Structures are given as structure tokens and as C-alpha cells.
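The structure appears below as C-alpha cells.
The values are calculated or read from the model by the stated rules, or taken from the named source; none is laboratory data. Quantities reported herein were computed from a predicted structural model and do not represent experimental measurements. All Cβ positions, glycine included, derive from the backbone under ideal geometry; neighbour counts span all protein chains shown. Only protein heavy atoms, including side chains, enter the accessible area calculation; ligands, DNA and RNA are left aside. Shrake-Rupley method; radii C 1.70, N 1.55, O 1.52, S 1.80 Å.
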Amino acid sequence: MQKKVLCLFFLFLFLAESWSADYYLGDSADQTFVLAKASKSSSKKKSKKEEPVEEAIEGEVTAISVDKNRGGAGYFSGINKGVLEMVEKGSAESLLQAYGALKKATVDYAENERVLVFIIAEILKIVWPSQIQNVQIDEPEVTMRNAYTGAIDSAKNGIYDTSTGNKDFLGTVLPSLVLCGAISNSEYYAEAETRLNEALAMRPKSVLANYLLALLYSKTDRDAAAVERLKAASQESKAFEILFCLANSLNALGRYEESKSVTDSLIVLYPSRIDLLKLLARNSYDVMDYAAAERYAVLVLQQNPADLEMVLFRAKIFVTTGEYLKATSLLDVYSRTNSTARDYLLLRARVQKEWNKNSPLAISTIEKALELYPNDKEVILAAAELAGESGSLIGGKTGAQLAGQVLAEEPENSKALSFLIQTLVSEGKWAESYTASKKIMARPNPGVDAICAHTRICLSLGYNAEAWDTASALYNRLPNDEKAVQNYVESMVRTGRSAQALRFINTSINSASSSMKSFLYYQRSFLAGGEAAQLSDLRSAVIANPRNSDALFRMYGIYFDKQDYRKAQYYLRQVIALNPNKQSYLKLNADLDKLIR
């Protein structure tokens, strides 16, 4: 009897154990995943390595199946491999193809198919919004969140989520969707870069991984590396986002013509996009197509008249083109909202210096900018330029000292070198200025101002052959640029090419702008046959532009040589009114006072 009781007891224990397992944990070498609500009719022997049972609770992130080789028993293992590869390629085109292959009645989706459709839809919305404006994606409800969906939700909230691990492609790349958001957090950049490179090692031609890595490079000022990734992505997709980012990076690298070529192709397809119009405005400005820059800025303002960025940008265009009245009007409009913005102060100081000829007021404005933005490189350089031109101290420093402040951190900074050269030239240190100028001229793309400055230095040192070669090369490249034309004419006159210069001036003078006409009359005065003709040209120069201090100073010189000191002083005082801080002019006036007495 006792034996029968014992047999029944052990049988009961066996049956109880086999029926009580509501959950079980499966193990493999490369993966760990929870299976919820196991069938009560099934039974398994427990492994010695079995972990404590974890229950999958709705609303929590569950563990996921991952597989670095995209095969075997991964979370998406039941899905066609070709479809998964299209998702991993990640272009808008391949994602839509994958969606088309997966699409079915809602009740027919397996849970991992629901998750994959969710991933497809979210990548399209986050990364490629321009490509799905007329596309409708019916997303089946994802009934149980997992690390894939969690990473996407975190990215949308500006969080880099590593819960996916990095064993499969999607788990590695999805956290980096956060890079597409407006909020940036540099704390995760290093990890994101590592994981995106791992994703590219798995799938080198992935448009998604290449584009996200390019975004990361762009955010960390590595635009050359960004261009490389974007060009790789553009081989597989011509999405707006890729080409727009490419144009931005090219622009940041100073490759303005290439950038504009990309934006010109995009504007045909997206004629009203404000971000594209703004980039086109900047590109056009950078390639000195100021009419186009102003046109694109106006198109932005037609859509959004309150866009102060473009109001200020138009003021910048007008300052550059010398249309100071228009620039002043726009600066007045801008100042009603913000009178302390860095760019506003820089432009206002330029107008005060170049148009109002009020160096003390311009210096005061720049000193205010220095006070507000003491470590801003552009402000320091503007102060160096003004100090060099006026011969004044700004913030207690000379132009050379201010330029040196930037050069101490960036020894090859072109603008700082230019303003250092400007100061050396104003001090008559031609040999030193030539040495510094040669550094700039040795670079691939020296600017127009740098080339013109080098020409003048060469002329002052008597290096006429180098001056002529430099000036004529610039003019041949930019025949419509006013500075290039003036540099070319001055070089002709000063290197003895008188007949050539006279022909050019006489052909150009009637159709020239007032400022150019004034310059041409001034240069022609050096070619005139006698004093009367010289004075006639100089008077015409002053009539065309009353602020032409070069013409006024030359008239002072002619009357001084004739010992007509009162007339000489009359013209010299007009020069001083335009250059009130230039000590050399003040000294000449003091000497005249003695002679007149």
C-alpha cells in the first residue's frame, strides 16, 4: 500500500511541474529572447544555465532577438531576406518597396512584420519627409513595444537610446535617427559615430547609414568627411535631404560653385522651400551674384515678411554693393527688434565707416560689439580692419594686435593676415606686407580683396611685372567685378600701359556706375596731357562721387605744388572730413596752417 501511495505522489509531482510553466526562457549562443505565454501543453527540461523567469508586461520594452549576420533565428528571421535588405538600404525608394512587399490586411501581420512596417514608416517620416508628401502608409498597430520601437521613440524625443544593442544592422543604426532632430547633444556623438561605422561595415551601400554619418560629420564641423558620405549616399538616392545636406557642406568648405550647382538643380523641383531659398541666397552671395542673392532673399520674405534673418541678409547685400541708403533702411527695420545682434552691429559699423565716413561712430559700434562678443573671431577681425584703416586704437589695441590675437590661434587665418597686411601698408612697411601677402597668394583660392591688395603692394615696391600678371589674371577671371576692374585699370596706368589704359577708360566711362565713373576719371587724370586736363578729370571724379578722397587729395597736391596753399587746404580739409582719424592728413593740415600764416 505504501509503495502505491509513493508512486501516485511522484506521478502527481511530475504532472504538476509539466503543466505549471506559464513562461519559459529560450537560450542560444548569440541571442536571448523572452517568449510570453508558452503553451500549457508543452514541456521542456530546464537547462542548468536557465535564468529566473521574466514576464513580458504590456507597455514595457522587452528584450529582442538580434543577429549580426541577418540570418538564422533573428527577430526578423521569418521575413523575406530581400525585404529586410531593402529596409537596411534605407533610401526612401527602397523603404517604399519594402513596404509594398510587406503590405497586407492588418489581421494577417505577424508581430515582427508589424514592427518592421513601423520602422519603415518612422524612418520615412524622420529622415526622408520630402519623399513621402503624397504617400499614405497604413501602419498596423504594434501591440508590444520592444527595443527597436523604443530606440525610435527615444530618437524622436532627442535621446540616443542604446537598448537595441549592436548585433544586427537595424539595432545598430536606429538610435542615430536622433541626429535628424533639431536638438543636438554632443555627448552621444562618439558612440553614434562608432555604431554608424559598424553599420556601414555590415552594409557599406546603406543610404541611411551613410546619410546619418554625414549628418554627424556636419554637426562636428567635418564637412569634407560629410561630403564623402553624402556622395556615396547620392549614388543610390537623389533625395532632397541628401542633396541639400551636400550643398550645405560644400558651402561650408568654400566650394561655392559646386554648392550652387546642387542647389540650382533642387530649386527646379522645390521652388518654394524656404530652407533651399535661403541657401541659394547665401550661395549666390558667395559667388558674387548679388542680384540673384537679393532675388532669393525677397522670395523668402514674400512667404514670411517677419523673417529677420533675411532682412539682415538683404542689408548685407546692399552694403556689399554700396547701396547704403537701402542698407540703412533695412538696418533701421531690424534694430526695432534687435539692436545688439552681432551681425547687425558689424553691418552698422560698416555703413558708418564706408557711407557716413564717421570713423569715431564706427569705432564706438565695434567696441560695443567687442564688449558683447569678446571672443568672437568675426568681431575681432572687424575691429582689426577698422583699426588698421583708421590708425586708431580699438578696445585699447592696434589693428596689428587685434589681427595677432586671431593669428595666435589660427596662424593661417586669411582675414587676420589681410588685416595685418592692411596695418603694415598703412604704416608704409611694404617689405613686411609683401611677405605676409605672399602667404595668402600661395593658397588655392585667394579672395578678390587679397589679390587687389597684393597688386598694390607690388606696385609700391616697383614689382611691376608681378603686379601686372596678378591684376590681369584677376580681371580675365572676373571681368564684371568692380574691384577686379579697378585693380586692372590702376595696374595699366601705373605700369606704363598708358595707351591701353586710355582706350579702356574711354570705352567704359559712359556706361559706368557713379562710383566706377569717379574712379575712371581719377585714373585718367594721370594720363592727361597738362594741368588743366588733369584738374578737369579730377573735378569730374568728385562730381561723380563727392566722397572720392583720392581725387580730392590729388587736387590738394596739385595746388600745393603751385603754392596756392588756400586752395590746397580747401581740398585737404574735405579729405580730412572723410578720413577724420588719419594722422598723416592732420599733420599736413597743420603744416598748411603755418604756411598760410
**Prompt:** Scanning for something over 45 Å from the mean Cα position of the chain (by Cα) and β-branched (Val, Ile, Thr), does the range 556-570 turn up at least one residue?
**Reply:** yes
**Asked** Which residues, taken from the range 227-236, are in contact (Cβ under 8 Å) with a residue 24 or more places away in the chain and open to solvent by less than 60 Å² (accessible area, probe 1.4 Å)?
**Response** 227, 232, 233
**Request:** Kindly provide the set of residues from the range 137-161 that are farther than 15 Å from residue 172 by Cα and in contact with a Phe, Trp or Tyr (Cβ under 8 Å, 6 or more places away or on another chain), ordered by number.
**Result:** 137, 139, 140, 142
**Request:** Give just the number: which of (1) open to solvent by less than 50 Å² (accessible area, probe 1.4 Å); (2) at pLDDT below 85; (3) hydroxyl-bearing (Ser, Thr, Tyr) does residue 414 not satisfy?
**Result:** (1)
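Just for helices (runs of 4 or more DSSP H) wholly inside the range 125-207: which have at least 2 residues that are farther than 26 Å from residue 77 by Cα and not β-branched (Val, Ile, Thr)?
Hits in the range 125-207: 189-202.
When only residues in the range 100-124 that are charged (D, E, K, R) and in contact (Cβ under 8 Å) with a residue 12 or more places away in the chain count, which is most open to solvent (accessible area, probe 1.4 Å)?
Among them, the one singled out is 103.
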**Only one of 403, 416 that is in contact with an Asp or Glu (Cβ under 8 Å, 6 or more places away or on another chain) and under 18 Å from residue 380 (Cβ atoms)** = 416
**Request:** Tell me, please, whether a residue that is buried (at least 22 other Cβ atoms within 10 Å of the Cβ) and in contact with a Cys (Cβ under 7 Å, 6 or more places away or on another chain) can be found in the range 473-494.
**Result:** yes
**Request:** Name the single residue, out of those in the range 155-179 being among the β-branched types (Val, Ile, Thr) and free of Cβ contacts under 8 Å to residues at least 40 places away in the same chain, that is most open to solvent (accessible area, probe 1.4 Å).
**Result:** 159
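Could you tell me how many of the residues in the range 195-221 are of a type outside the set (A, V, I, L, M) and surrounded by 17 or more Cβ atoms within 10 Å (Cβ to Cβ)?
Qualifying residue count for the region: 7.
Within the range 270-310, track down each residue that is polar (S, T, N, Q) and surrounded by fewer than 14 Cβ atoms within 10 Å (Cβ to Cβ). Steps first, please.
So in the range 270-310, the residues polar (S, T, N, Q) come out as 272, 283-284, 302-304.
If the condition is that a residue be polar (S, T, N, Q) and surrounded by fewer than 14 Cβ atoms within 10 Å (Cβ to Cβ), then 272, 302, 303, 304 are the ones that fit.
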**Request:** Considering each residue of the range 394-411, count those that are open to solvent by 50 Å² or more (accessible area, probe 1.4 Å), within 13 Å of residue 374 (Cβ to Cβ) and either part of a helix (DSSP H, G or I) or hydrophobic (A, V, I, L, M, F, W, C) (or both), and give that number.
**Result:** 1
**Request:** Could you tell me which of the residues 66, 127 is aliphatic (A, V, I, L, M), surrounded by 22 or more Cβ atoms within 10 Å (Cβ to Cβ) and modelled with pLDDT of 90 or more?
**Result:** 127
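Residues checked against (1) modelled with pLDDT of 95 or more; (2) of a type in the set (D, E, K, R):
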{"site": "256", "(1), (2)": "no, no"}
{"site": "261", "(1), (2)": "no, no"}
{"site": "271", "(1), (2)": "no, no"}
{"site": "285", "(1), (2)": "no, no"}
{"site": "289", "(1), (2)": "no, yes"}
{"site": "295", "(1), (2)": "yes, yes"}
{"site": "300", "(1), (2)": "yes, no"}
{"site": "311", "(1), (2)": "yes, no"}
{"site": "316", "(1), (2)": "yes, yes"}
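Would you mind finding the one in 224, 247 that is open to solvent by 60 Å² or more (accessible area, probe 1.4 Å), under 14 Å from the mean Cα position of the chain (by Cα) and either farther than 18 Å from residue 176 by Cα or of a type in the set (D, E, K, R) (or both)? Walk me through it before giving the result.
Details: 247 fails: open to solvent by 60 Å² or more (accessible area, probe 1.4 Å).
The unique qualifying residue is 224.
Can you confirm whether residue 227 is touching a Lys or Arg at 6+ places or on another chain (Cβ under 7 Å) and farther than 15 Å from residue 161 by Cβ? Let's see the steps before the verdict.
Details: touching a Lys or Arg at 6+ places or on another chain (Cβ under 7 Å): no; farther than 15 Å from residue 161 by Cβ: yes.
Here the answer is no, as residue 227 does not meet what is asked.
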